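Participant: Here it is, the structure, as structure tokens.
The values are calculated or read from the model by the stated rules, or taken from the named source; none is laboratory data. Because the structure is predicted, anything quoted here is derived from the model rather than measured. No Cβ is skipped: glycine too gets one built from the backbone with ideal geometry, and neighbour counts run over all protein chains shown. All accessible areas refer to the heavy atoms of the entire protein, side chains included, with ligands and DNA or RNA removed. Shrake-Rupley method; radii C 1.70, N 1.55, O 1.52, S 1.80 Å.
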Amino acid sequence: MSGDHSHNDSQIDSGSRHNDSHKHKDKYKDKEHKHKDHKKDKEREKSKYSNSEHRDSSDKKHRDKDKERLKLKDGSSDKQKDKHKEKKKEERSFDGKPKKEKENGFESAEFKPKKIKTEEREKKAKKREQEEEDIKPKKKTKVKKGEAVTDGKKKAKKEPEEKWKWWEEERYTDGVKWKFLEHKGPVFAPPYEPLPSNVKFYYDGKHMKLSPGAEEVATFFAKMLDHEYTTKDVFRKNFFKDWRKEMTSEEKSKLTDLNKCDFSEMSEYFKAQSEARKAMTKEEKLKIKAENERILQEYGFCVMDNHKERIANFRIEPPGLFRGRGDHPKMGMLKRRIRPEDIIINCSKDSNHPKPPPGTKWKEVRHDNKVTWLVSWTENIQGSIKYIMLNPSSRIKGEKDWQKYEMARRLKKCVDRIRAQYREDWKSKEMRIRQRAVALYFIDKLALRAGNEKEEGETADTVGCCSLRVEHLTLHQEMDGQEYVVEFDFLGKDSIRYYNKVPVEKRVFKNLQLFMEDKEPEDDLFDRLNTSILNKHLQELMDGLTAKVFRTYNASITLQQQLNELTTSEDNVPAKILSYNRANRAVAVLCNHQRAPPKTFEKSMQNLQTKIDAKKEQLADAKRELKSAKADAKVRRDEKSKKAVESKKKAVQRIEEQLMKLEVQATDREENKQIALGTSKLNYLDPRISVAWCKKLGVPIEKIYNKTQREKFAWAIDMAEKDYEF
DNA sequence: ACATTGGACTCAGAAATTTTAAA
DNA sequence: ATTTAAAATTTCTGAGTCCAATG
């Protein structure tokens, strides 16, 4: 995998040159857009009703017995669960996979509840308990502010409360996601606080008092003044247009030129505020922390099917100026404030419905247990729906995650067949089949994303595999001593540049030449292909297979291979971790997960070097001392001097170890300069691979996964043994 | 049929915040 | 021991994928 993914230093720069070619098409969409919004709303209104019929019937079926819920204790066995289990077993024995199981791609073998050695289990439980005490939902105690944090830290709560192992239970079938759901609704953004009267806004040099509405939007801009994008034309244009909508007619007629607006006092004011916040006393900070904790306890959890679960994003996004990624045509537009009237609540009928703030109403309260979200609203920039959903540690997310990796493992079993197939298809008489086959080859070999088509002018110009254009590839008959090299250069998701030179097979190369013949740079490379055609084909090759499964599969299999290749049991723990990070890095490179090099990168690298130098010196000193101690011992030959030698020896050893650790750290950091490991670790790597590796090589899992990650991957940590194979 | 749109969910890197280590 | 800086973690929310309803 090494040669295939040679990356260029310049690739971080999301290259402005990429953005130009397709820009000109769409300058004025705004009018159209408004129309569309309207239409969307109406349609939504319609579908609301038609949906509810559905829901009602399913609701009745599933709702009934949940009255006995609210038994929050996790380990509690409840009848319902057992009943559930029995039913499922029946279903499953029904020969051929039960519908849902097939869909999920779970291996039945994976379902056998693991028998874990008891001591191990206890140890685990104990450890977790300690680590989790501070996030654990404390039962509604009214804590006096200030106390909460200090005592949470110190005395370990000794609730022996066992963690719920949802992975040892049966899953729902038929698209039911839960039977009982109760929550407190969202937390709204704090209301706007008008500026103090001494903070002034100037237009054309003259002070002007803004109406509250206009002032609020002005502060959004003022807060961003230090960002480069406030100087961009598109940003300023969009902002000004939306700002004017919030102005009184008087303001509207006066303020006609953004360039004459002076936000500097506002900007200064906010900077001062944030300084002041930093300078707060400990007590004040604690008070705020306690308040946040209170809100978390009240709104940050829900009850889903007898279990208290953490909610991911229970705070509604505050209003502000939209800043998409890359060259976004809508940057600078006003993201409006979300009110209760915009909010759809989803919960079960027999729950206590969340109350809207006094004097307000929800848009709707529905009871749809075929979806996982608690709250939704429609966002005004793209007209898309936003959701409040559960934390990755929740059952509902965890199951899905597990299922994703099972699907990838199924691909592993038949990937050879599929590869043989697409290689065969390179020769097909039909153009669409050849295109499909070459695209699939890219997806497999390069881990490209599927590449849905996007509405032009609504988003930044980015592409994935199926939406590649001729201009994104350059063919080299021969390059750097290699034949048939394809040079890729395009902006992918989040406008991250993908740059790669890949030697491909001759047949692929010839096909590409064919696809590119007589086309303009801005034409689609695969003009007979889109993601739905591709996925339909994949579906036929393997049940449940889609393009993104290849990414998961290739990422995970790469990690496993790399770990096997790079790690030896003889290594010490830091060396093992370096190897792990390198394996992780190979995956991140494959998936093109990049980051901007941290602002302080050079400096921190220097600091580390300084430390290393100091440590080297310290080592030299220690060695000298050891030598003289040895000499001394030789002369004196007494117990005391022998002991001294021993202790010096130990000291040298210790320092050597420290030095090595530092050096490893330096290597690791350097190699990681512009690579982001997090995304692959969190979303692409079957956690059981890492867990098994840790167990096999005696590396504590904490070295690989931090607390949050351990929560998310609790299922894997619990079930994977050292011999797990992806 | 098939293209389009809406909906729900995963995945993404930056920014903000908190923790830890160093001075 | 206190302050400060750096590292680690968490939060945030935008950007994809994919499916199914719709026209």
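Participant: Could you tell me how far the Cα centroid of segment A:284-312 sits from the Cα centroid of segment A:473-510, in Å?
Facilitator: 49
Participant: Let me ask something additional. Points 7 angstrom from Cα along the Cβ direction at A:K510 and A:Y192: gap in nanometres?
Facilitator: Spacing of the two 7 Å Cα→Cβ label points: 6.6 nm.
Participant: What does the C-alpha gyration tensor say about the overall shape of segment A:421-513? Classify as rounded when a/c is under 1.5, otherwise prolate if a/b is larger than b/c, or oblate. Intermediate results must be reported in sequence, preceding the final value.
Facilitator: Values: a/c = 2.20, a/b = 1.32, b/c = 1.66.
Oblate is the answer for segment A:421-513, as a/c is 1.5 or above yet b/c matches or exceeds a/b.
Participant: Can you list residues from other chains, or at least 5 along the same chain, whose modelled amide H is less than 5 Å from the amide H of A:R315?
Facilitator: A:V187
Participant: At a Förster distance of 30 Å, what's the computed FRET efficiency of A:T474 paired with A:E430, Cβ-Cβ distance as r, to 0.05? All intermediate terms of the calculation are to be shown ahead of the outcome.
Facilitator: Numbers: r = 26 Å, r/R0 = 0.88.
Efficiency computed from Cβ-Cβ geometry: 0.70.
Participant: With unit charges on the beta carbons (Lys and Arg positive, Asp and Glu negative) and the dipole taken about the Cα centre of segment A:201-280, which residue among A:A214, A:N238, A:T256 sits farthest to the positive side?
Facilitator: A:N238
Participant: What are the chymotrypsin sites (Phe, Trp or Tyr not before Pro) within segment A:187-293 that DSSP puts in a loop, where the Cβ has at most 15 other Cβ atoms within 10 Å? Working shown, then result.
Facilitator: Numbers: sites: A:F188, A:Y192, A:F201, A:Y202, A:Y203, A:F220, A:F221, A:Y229, A:F235, A:F239, A:F240, A:W243, A:F263, A:Y269, A:F270; in loops: A:F188, A:Y192, A:F263.
Hits after loop and neighbour filter: A:Y192.
Participant: Would you mind calculating the relative contact order of segment A:201-280 from Cα pairs under 8 angstrom and at least 6 residues apart, reporting the percent as a whole number? Before the final figure, lay out the partial values.
Facilitator: On the way: 57 pairs, mean separation 38.1, N = 80.
Taking the mean separation of contacting Cα pairs over the length of segment A:201-280, I get 48 percent.
Participant: For every other residue with a beta carbon closer than 13 angstrom to the beta carbon of A:P598, add +1 if it is Lys or Arg and -1 if Asp or Glu, then tell me the sum.
Facilitator: Values: positive: A:R595, A:K599, A:K603, A:R669, A:K673; negative: A:E602, A:E670.
It works out to a net charge of +3.
Participant: Sticking with this structure for a sec: Long-range amide H contacts for A:F201: which residues qualify at under 5 Å (H placed 1.01 Å from N, peptide plane, sequence gap of 5 or more or a different chain)?
Facilitator: Amide H neighbours of A:F201, under 5 Å, 5+ apart: A:M208.
Participant: Anything over 20 Å Cα to Cα? Flag those among A:K200/A:K241; A:K576/A:K661; A:K413/A:K681; A:K245/A:K386, in the order listed.
Facilitator: On the way: A:K200/A:K241 22 Å; A:K576/A:K661 11 Å; A:K413/A:K681 23 Å; A:K245/A:K386 24 Å.
As for pairs spanning more than 20 Å Cα to Cα, those are A:K200/A:K241; A:K413/A:K681; A:K245/A:K386.
Participant: Additional query: How large is ³J(HN,Hα), in whole Hz, for each residue of segment A:233-243 in order, when computed from phi with the Karplus curve 6.51 cos²θ - 1.76 cosθ + 1.60 and θ = phi - 60°, using x for Gly and Pro?
Facilitator: Karplus-based 3J(HN,Hα) across segment A:233-243 equals 4, 4, 4, 5, 5, 4, 4, 5, 4, 6, 5 Hz.
Participant: Taking amide hydrogens as modeled 1.01 Å from N in the peptide plane, which residues meet the under 5 Å criterion relative to A:V375, leaving out close sequence neighbours?
Facilitator: Excluding prolines and chain starts, which carry no amide H, the hits are A:N346, A:I388.
Participant: Spelling out what I want: for every residue of segment A:607-616, take phi, set θ = phi - 60°, compute 6.51 cos²θ - 1.76 cosθ + 1.60 (Karplus), and round to whole Hz; glycine and proline get x.
Facilitator: Taking θ as phi minus 60°, the curve returns 3, 5, 4, 4, 4, 4, 4, 4, 5, 4 Hz for segment A:607-616.
Participant: Follow-up. Normalised by the residues of segment A:397-544, what does the relative contact order come to in percent, with Cα pairs under 8 Å and at least six apart? Intermediate results must be reported in sequence, preceding the final value.
Facilitator: Working: 182 pairs, mean separation 34.0, N = 148.
Relative contact order here is 23 percent.
Participant: Please give the peptides A:595-607, A:324-336, A:618-630 ranked by average Cβ packing (other Cβ atoms within 10 Å per residue), highest first, as a rough proxy for protection. Before the final figure, lay out each step's value.
Facilitator: Details: A:595-607: 12.1, A:324-336: 20.5, A:618-630: 15.5.
So the order, starting with the most tightly packed, is A:324-336, A:618-630, A:595-607.
Participant: Further question on the same structure: Count charges around A:L440 for me, please; just the other residues with Cβ under 12 Å from its Cβ, Lys/Arg as +1, Asp/Glu as -1. Working shown, then result.
Facilitator: Numbers: positive: A:R419, A:R423, A:R434, A:R436, A:K445; negative: A:E424, A:D425, A:D444.
With Lys, Arg at +1 and Asp, Glu at -1, the neighbours total +2.
Participant: Could you give each residue of segment A:245-253 its phi-based ³J(HN,Hα) in whole Hz, using Karplus coefficients 6.51, -1.76, 1.60 with θ = phi - 60°, and x for Gly or Pro?
Facilitator: Going residue by residue, I get 5, 8, 7, 6, 5, 5, 4, 4, 6 Hz, with x marking Gly and Pro.
Participant: While we're here: Taking the Cβ-Cβ separation of A:A620 and A:E570 as r and a Förster radius of 30 Å, what is the calculated FRET efficiency to the nearest 0.05? Don't skip to the answer; put the middle values down first.
Facilitator: Values: r = 27 Å, r/R0 = 0.90.
Once the sixth-power term is evaluated, E becomes 0.65.
Participant: For segment A:557-719, what's the relative contact order in percent, using C-alpha pairs closer than 8 Å and at least 6 residues apart?
Facilitator: Numbers: 122 pairs, mean separation 51.8, N = 163.
So the answer I get is 32 percent.
Participant: Can you give the FRET efficiency to the nearest 0.05 for A:K695 and A:K232, using r as the Cβ-Cβ distance and R₀ = 35 Å? List each step's numbers first, then the result.
Facilitator: Numbers: r = 51 Å, r/R0 = 1.46.
The value I calculate is 0.10.
Participant: Continuing with this model, one more query. Is any residue of segment A:280-314 close enough, with backbone N under 16 Å, to a label point placed 7 angstrom from the Cα of A:L682 along the Cα-Cβ axis, and if so, which?
Facilitator: A:311-314
Participant: Along the Cα→Cβ direction, 7 angstrom out, place labels at A:E483 and A:T281. What is the inter-label distance in nm?
Facilitator: 7.9
Participant: Within 10 Å, Cβ to Cβ, of A:N572, how many net charges do the neighbouring residues add up to if Lys/Arg are +1 and Asp/Glu are -1? Please list the in-between numbers first.
Facilitator: Numbers: positive: A:K576, A:K661; negative: A:E570, A:D571, A:E657.
Once positives and negatives cancel, what remains is -1.
Participant: Provide the gained length on full extension for the span A:T546 to A:K400, in nm with one decimal, where the gain is 0.36 nm per separating residue minus the Cα-Cα distance.
Facilitator: Values: separation 146, 0.36 × 146 = 52.56 nm, distance 1.53 nm.
Stretched out fully, the A:T546 to A:K400 stretch lengthens by 51.0 nm.
Participant: Something else now. Percent of accessible area on segment A:557-719 owned by carbon and sulfur, 1.4 Å probe? Write out the running numbers ahead of the final one.
Facilitator: Working: 4410 of 8700 Å².
Roughly 51 percent, rounded to a whole number.
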